[in-house]
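Quick notes on the structure that follows.
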Amino acid sequence: MSGSYPNALKDPVFRVISKAAASLGLESYVIGGFVRDHILGRGDAKDIDIVAVGSGIDLANAVSNLLPGKPKVSIFKTYGTAMLKTSGIELEFVGARKESYSEDSRNPAVSHGTLEDDQNRRDFTINALALSLGEDDFGKLLDPFNGLKDLDDKLIRTPLDPDVTYSDDPLRMLRAIRFATQLDFRIEKESLEAISRNATRIEIISKERIVDELNKILLAPKPSKGFSLLRKTGLLKYILPELVALEGIEEVEGQRHKDNFWHTLEVVDNISKTTDNLWLRWAALLHDIGKAPTKRFDQNLGWTFHGHEFVGSKMVYKLFKRLKMPLNEHMKFVQKMVLMSSRPIVLASEVTDSAIRRLVFDAGDYVDDLMTLCEADITTKNPKRFKRYHQNFQRVREKIVEVEERDHIRNFQPPVSGEEIMETFGIKPSREIGIIKDAIKEAILEGQIPNEYEAAREYMLKKGKEIGLKVKGV
Ligand code: ATP
Ligand code: MG
């Protein structure tokens, strides 16, 4: 199939590249994601890949010279690529190349090649589409593998033998699944089978690249599509074995528990309808991982997962560490969500003010995210229960607002400071100060006193007296 897409190249920068290439006597093309997304009507990407049949670095320099302010060209010698930024667009230039791979690395030996060579090395037919920047055939589509038809058929397919494609660079297996998820495409049968055959090869891929793809899958409209493909192809056990461990239903004495893997995927899809927060989506993905190691069958209680939230939050740390994800506030957030993931459920049946205050005290600024997670966790197929659970959580949410307006627990600051306690009783830093502060906090959370200075000071005096302290100068 062929055609012409001059409309894709309306941005004046494409004419500039065209002119620069002509002045160097080179052919140049826009290739990959930009072309794909334009034809799909996904809007025009801001990162644009340009192939030069010749030196990509020379072309980048020539383009910069023609642009206002001559933007800086960053050169990556090892890859023979160059990058520059102009009016919100990031242009990446590469010389057309042929690649040959060795067993143990995804970094190929490269040599100069033609446009076709370069299209051959692309991962998928839909990513090999190129638009000419030639002055005579500006906008002409070059589509040697029928990528246009695959876009129409919503199909992920490799230009060459899929076994070779995936074995050469196993990251492509994740990219296939990621594109299928982002675009809601199907992976061609041969490709899917090749991914299953080559799954262990994922082990040569750096953790950082794997996490990049996982994040993109998680940020898709329906992440479950990606995770079920990861599971089906066997990739998941190399990447997130904690999730694989959740799969399956056991039955003892006629009692069954739910399949926590498929439940988890439902929760992730649910939460993805209400939030784009990547870390909240991670929390949904991991909220039940503690259930595999804590699963027990009890004669009286049936299936139990005692302490799975605590165990799960510890597993979050190990998982982030293994995947070389930063052990920063995002990790702590995910841990906190997992740790607290059952708290609002207990509340839903009986909402007391003090339980609300404790929830808000423990969850702090994340209390809304926690409620969002709990609502997404409702996957019952019984419509009556579904409605009732949502109504219960709605009541919890209303109560949180009401209690918070009155008691201001959200960013709890002790109403009486340690200094004031020391000053009042004439004591030095000591255990007693902690005891008094804690007692004041407990009294507020329990609703024995309001969260106000006067009441707290009075309570401090009473508590101090109880533990044998005397007010200074009295
Ligand atoms: P997006 O930017 O939305 O992730 P993209 O298709 O632009 O999608 P990039 O990672 O930016 O993906 O790569 C640009 C192009 O480079 C791709 O369209 C593809 O042609 C090629 N490419 C990228 N990674 C690989 C790979 N691992 N193997 C083969 N070709 C690749
Ligand atoms: Mg891109």
- Task: Using a Förster distance of 41 angstrom, determine the FRET efficiency expected from the C-beta separation of Lys72 and Val164, and round it to 0.05.
- Result: 0.60
- Query: Summing +1 for each Lys or Arg and -1 for each Asp or Glu, what net charge is found among the other residues whose Cβ lies under 9 Å from the Cβ of Lys154?
  - Reply: -3
- Query: Hey, what number do you get for the chain at 222 nm if only DSSP H runs of n ≥ 4 count, each worth -39500 (n - 2.57), divided across all residues, to the nearest 500?
  - Reply: -16000 deg cm²/dmol
- Item | Among 290-297, 262-269, the order from most to least packed when residues are scored by Cβ within 10 Å on average | 262-269, 290-297
- Spin-label point model (7 Å from Cα, Cβ direction): what's the Glu90 to Asp259 distance in nm? 3.9
- Query: So how much slack lies between Lys98 and Gln299, counting 0.36 nm per residue of separation and subtracting their Cα-Cα distance, in nm?
  - Reply: 65.9 nm
- Message: Give me, ordered by chain and number, the residues 5 or more places off Leu129 or on other chains with an amide H under 5 Å from its own placed amide H.
- Response: Gly32
- Message: Relative contact order for region 204-262: what percent, with Cα pairs under 8 Å and sequence separation of 6 or more?
- Response: 19
- Query: In this model, which of Lys437/Lys465; Lys85/Lys207; Lys237/Lys332; Lys441/Lys462; Lys216/Lys291; Lys273/Lys332 are farther than 19 Å apart at the alpha-carbon?
  - Reply: Lys85/Lys207; Lys237/Lys332; Lys216/Lys291; Lys273/Lys332
- Task: Using θ = phi - 60° and the Karplus relation 6.51 cos²θ - 1.76 cosθ + 1.60, list the HN-Hα couplings for region 148-157 in order, rounded to whole Hz, with x at every Gly or Pro.
- Result: 5, 5, 5, 4, 5, 7, 6, 10, 9, 8
- Item | Using alpha-carbon coordinates, inclination of helix 56-66 to the longest axis of the chain, degrees | 80
- Note on the structure: HN-Hα couplings for region 223-229 via Karplus (6.51, -1.76, 1.60; θ = phi - 60°), in whole Hz with x for Gly/Pro, come out as x, 4, 4, x, 5, 6, 5
- Which lysines have a Cα lying under 24 Å from the Cα of Lys140, excluding residues fewer than 8 positions away in the same chain? Lys10, Lys19, Lys46, Lys98, Lys149, Lys154
- Query: Can you give the angle from 0 to 90° between the axis of helix 260-274 and the longest principal axis of the chain, with both taken from C-alpha atoms, to the nearest 10?
  - Reply: 80
- Note on the structure: FRET efficiency for Leu323 and Glu116 from the Cβ-Cβ distance with R0 = 51 Å, rounded to 0.05, comes out at 0.85
- Note on the structure: Once both label points are put 7 Å beyond Cα along the C-beta direction, the Gln394-Arg431 separation in nm becomes 5.1
- Task: Return a whole-number percent for the relative contact order of the chain, with Cα pairs under 8 Å and 6 or more residues apart as the contact set.
- Result: 8
- Query: When the chain is fully extended, how far beyond the present Cα-Cα distance does Lys462 get from Ile345, taking 0.36 nm per residue of separation?
  - Reply: 38.5 nm
- Write out the GluC sites (Glu not before Pro) in region 441-474 meeting two conditions: DSSP loop, and at most 13 other Cβ atoms within 10 Å of their Cβ. Glu452
- Relative to the longest principal axis of the C-alpha atoms of the chain, give the angle of the C-alpha long axis of helix 12-24, reported between 0 and 90° and rounded to the nearest 10°. 40
- 18 Å reach of a label modelled at Glu266, 7 Å along Cα-to-Cβ, counting backbone N of region 227-241: 227-229
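Laboratory data are not the source of any read-out in this text; all were calculated from the coordinates shown. Please read these numbers as outputs of a predicted model, since none were measured by experiment. Heads up, the Cβs are rebuilt from the backbone with ideal geometry, glycines too, and the neighbour counts pull from every protein chain shown.
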